[in-house]
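Heads up, the thing below is written out as structure tokens.
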Amino acid sequence: MTKERVVVLDFGGQYNQLIARCVREAGVLAEILPYDTSLAAMLADPRQLKGIIMTGGPDSVYAPGALTCDPAIFQAGVPVLGICYGMQLMTRFLSGQVGAGGGPEFGHTEITFAAHPLFAELAAQEKDEPGAGRHVWMNHNDAVLQAPPGFQTIARTDRCPNAAFADDQRRLYGLQFHPEVRHTPGGRQILRNFCFSVCACRGDWQMSDLTVSLVDDIRRQAGDGQVLCALSGGVDSSVAAVLVHKAIGSRLTCVFVDHGLLRQHEATEVMAFYRETLGMNIIPVDAADRFLGKLAGVTDPERKRKIIGGEFIRVFEEEARKLGGADYLVQGTIYPDVIESGHGKAAVIKSHHNVGGLPPDISFKGLIEPLRSLFKDEVRRLGEALGIPRALVWRQPFPGPGLAIRIMGEITAERLRIVRESDWIFREEVAKAGLDQAIWQYFTVFTGVRTVGVMGDDRTYDHVIALRAVTSSDAMTVEFAELPYALLAKVSQRIINEVRGCSRVVYDITSKPPGTIEWE
Ligand code: XMP
């Protein structure tokens, strides 16, 4: 079992779990702790504290009430790496200077790295990760104007003279850029270098350790209670269910709710799949009329999510009552859902239905969310480690609120038909082109816009369908997929010919950030 760990002190940045995930990828246990955890508390854990990473955060270190840490961490002899806000806080504590100086920097930036163990192997990585030794991703207003005494500058950009610094004596380091995001091509190598060259980790952590610890946590939380699981047919709820099943066996009952917002043929396919391959006890609930009734006339995306989230919980409560009560509800919430619903200090982007949408009077003792700190690809690897069939593990993600957030404005039977039929065509053609595994998510959106067209000799005034297809590994950052024109042309032609009410098809070429995957 794991004997060492790196602590990630959470100052509320959007990408903090990505840091933990890069550390796990390096085979090192990453433990995320609140920003103000004392050094003594960190040292109390029997697993050796090999290093501390201070994350980014939304504040300025000089803002009133700015988050701060236990200054003892800088004297403990344990290596500390400050990222963005973390670097600025370190600077402030150690008598350097932080300020607006060279102005804000957002996005891709050219950087010059000095020769330093933190940046080892970057040049060698250029052939697999172009830009590894030259580009980073910045996201800051303030920067370090003057490094603290004892520190050397080890990287600079045009606008940021202290893009990275180091005090090798005290083993304290700072990066102004974000190594954890994919837009910094050498970032993962830098974090690996920190773990191995600076902290001298051995790398004794693996995915199967995670299964053991998650199963233990579930047993502890559930005690001898009865547990209900909300199965959606997606990867996340399936992996969550299998974990809980492993932990508590027959005390788990799964419920599959058809909220009327599923894709074409999905309800039947999903039920068949669970029954045949997972062998779990599943109760199907057809609640389409109920959900669509509540959603009638609702146009605001956040309200849609809240209504769906609230209704989901009610349905489960009712099922629980029929079963004679359940103490806990399992949900397949994963980390991007948590962070984008405004976890800790991070800003709210969207309230995902299974996080922000929970009604306050929920009558379960609690939620079991074993995947809360994991990213999608980690969930998939965990699913494979648990022996879940590949077809299920590699299914494309589908959001809990389903087609509701792919129909702009009001949800009607007609709009559902259009989005279902067009989505089916798109999926069919992507699969025929052999691209279904290579693309993270691909679907159609009912835009709510009508445009003029000509069909035959007649003028039409029909709906615009948008195609969305993205590549990603974690849904936090995505690129639009570069689909072949011939495929786009085929899909467009088929949708216009086969789906009544559509006269135009457009392709969404927005990355995330600044866009999101879903349109609402
Ligand atoms: P966005 O649109 O936020 O999507 O870039 C990131 C990932 O999350 C899915 N998604 C949701 N999943 N409830 C969910 O369970 C939601 O409310 C929700 N909104 C988005 C989305 O499909 C993508 O995989």
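The values are calculated or read from the model by the stated rules, or taken from the named source; none is laboratory data. Treat the numbers as computed from the prediction; the structure is a model and nothing was measured. Neighbour counts run over all protein chains shown; Cβ positions are idealised from the backbone, glycine included.
Quick one: would you say A433 is at pLDDT 95 or above, outside the structural domain of V298 (by TED's automatic domain parsing) and more than 27 Å from D289 (Cβ to Cβ)?
Yes.
Which of the residues that make up region 478-492 are more than 14 Å from W424 (Cα to Cα), of a type outside the set (A, V, I, L, M, F, W, C) and out of contact with any strand residue (DSSP E or B) (no Cβ under 6 Å at 6 or more places or on another chain)?
E482, P484, Y485
The conditions are (1) in a loop (DSSP other than H, G, I, E, B); (2) modelled with pLDDT under 90, and V298 fails exactly one of them. Which is it?
Failing condition for V298: (2).
Could you go through region 319-326 and let me know if any residue there is away from the ligand (no atom under 11 Å from the Cβ), in contact (Cβ under 8 Å) with a residue 12 or more places away in the chain and in a helix (DSSP H, G or I).
yes
Which residues, counting only those in region 401-419, are modelled with pLDDT of 95 or more and either outside any helix (DSSP H, G or I) or more than 16 Å from the ligand (Cβ to nearest atom) (or both)?
I407, M408, G409, E410, I411, T412, A413, E414, R415, L416, R417, I418
Could you name every one of the strands (runs of 3 or more DSSP E) located completely within region 170-278 that has at least 1 residues being under 30 Å from P130 (Cα atoms) and within 16 Å of the ligand (Cβ to nearest atom)?
In region 170-278, no matching strands (runs of 3 or more DSSP E) lie anywhere.
For residues that are touching a residue at least 60 places away in the same chain (Cβ under 8 Å) and among the aromatic types (F, W, Y), tally how many sit in region 63-99.
Number of matching residues: 2.
Against the condition within 15 Å of the ligand (Cβ to nearest atom), at pLDDT below 80 and among the small types (G, A, S), how does G356 come out, does it pass?
Spelling it out, G356 is indeed within 15 Å of the ligand (Cβ to nearest atom), at pLDDT below 80 and among the small types (G, A, S).
Checking L191 against (1) touching a Leu at 6+ places or on another chain (Cβ under 6 Å); (2) within 19 Å of L18 (Cα to Cα); (3) surrounded by 24 or more Cβ atoms within 10 Å (Cβ to Cβ), only one condition comes out false. Which one?
(1)
Inside region 275-311, can you point out the residues that are within 21 Å of R390 (Cβ to Cβ) and either touching a residue at least 60 places away in the same chain (Cβ under 8 Å) or within 25 Å of the chain's Cα centre (by Cα) (or both)?
T277, L278, listed by residue number.
Given the options F291, F256, F273, name the one that is under 25 Å from W440 (Cα atoms) and either of a type in the set (A, V, I, L, M) or surrounded by 18 or more Cβ atoms within 10 Å (Cβ to Cβ) (or both).
Answer to the selection: F256.
Take the residues of region 440-472 that are farther than 20 Å from E498 by Cβ and within 16 Å of the ligand (Cβ to nearest atom): which is surrounded by the fewest Cβ atoms within 10 Å (Cβ to Cβ)?
Ranking the candidates gives T471 first.
Determine which member of the set G86, G99, G103 is of a type outside the set (S, T, N, Q) and modelled with pLDDT of 95 or more.
Sole residue among the options that is of a type outside the set (S, T, N, Q) and modelled with pLDDT of 95 or more: G86.
Checking P148 against (1) surrounded by fewer than 23 Cβ atoms within 10 Å (Cβ to Cβ); (2) modelled with pLDDT under 95: exactly one of these is not met. Which one?
(2)
Could you tell me whether region 446-456 includes any residue that is aromatic (F, W, Y) and in contact with a strand residue (DSSP E or B) (Cβ under 6 Å, 6 or more places away or on another chain)?
Yes, region 446-456 has at least one match.
If you check I425 against the conditions, is it modelled with pLDDT of 95 or more, within 14 Å of the ligand (Cβ to nearest atom) and touching a helix residue (DSSP H, G or I) at 6+ places or on another chain (Cβ under 7 Å)?
no
Restricting attention to region 113-159, which residues are in a loop (DSSP other than H, G, I, E, B), in contact (Cβ under 8 Å) with a residue 24 or more places away in the chain and among the basic types (K, R)?
Of everything in region 113-159, those that are in a loop (DSSP other than H, G, I, E, B), in contact (Cβ under 8 Å) with a residue 24 or more places away in the chain and among the basic types (K, R) turn out to be R134, R159.
Could you count how many residues in region 377-400 are within 16 Å of the ligand (Cβ to nearest atom), part of a helix (DSSP H, G or I) and surrounded by fewer than 20 Cβ atoms within 10 Å (Cβ to Cβ)?
Residues flagged as within 16 Å of the ligand (Cβ to nearest atom), part of a helix (DSSP H, G or I) and surrounded by fewer than 20 Cβ atoms within 10 Å (Cβ to Cβ) within region 377-400 amount to 2.
Suppose we filter R202, R170, R219 for residues that are touching an Asp or Glu at 6+ places or on another chain (Cβ under 9 Å) and in contact (Cβ under 8 Å) with a residue 12 or more places away in the chain; which single one remains?
R202
Take the residues of region 476-516 that are in contact with a Ser or Thr (Cβ under 8 Å, 6 or more places away or on another chain), assigned to a loop (DSSP other than H, G, I, E, B) and not hydroxyl-bearing (S, T, Y): which is farthest from the ligand (Cβ to nearest atom)?
Residue satisfying both the conditions and the ranking: V499.
Please go through (1) under 27 Å from I73 (Cα atoms); (2) touching a helix residue (DSSP H, G or I) at 6+ places or on another chain (Cβ under 7 Å) for A132 and return the number of the only condition it doesn't satisfy.
(1)
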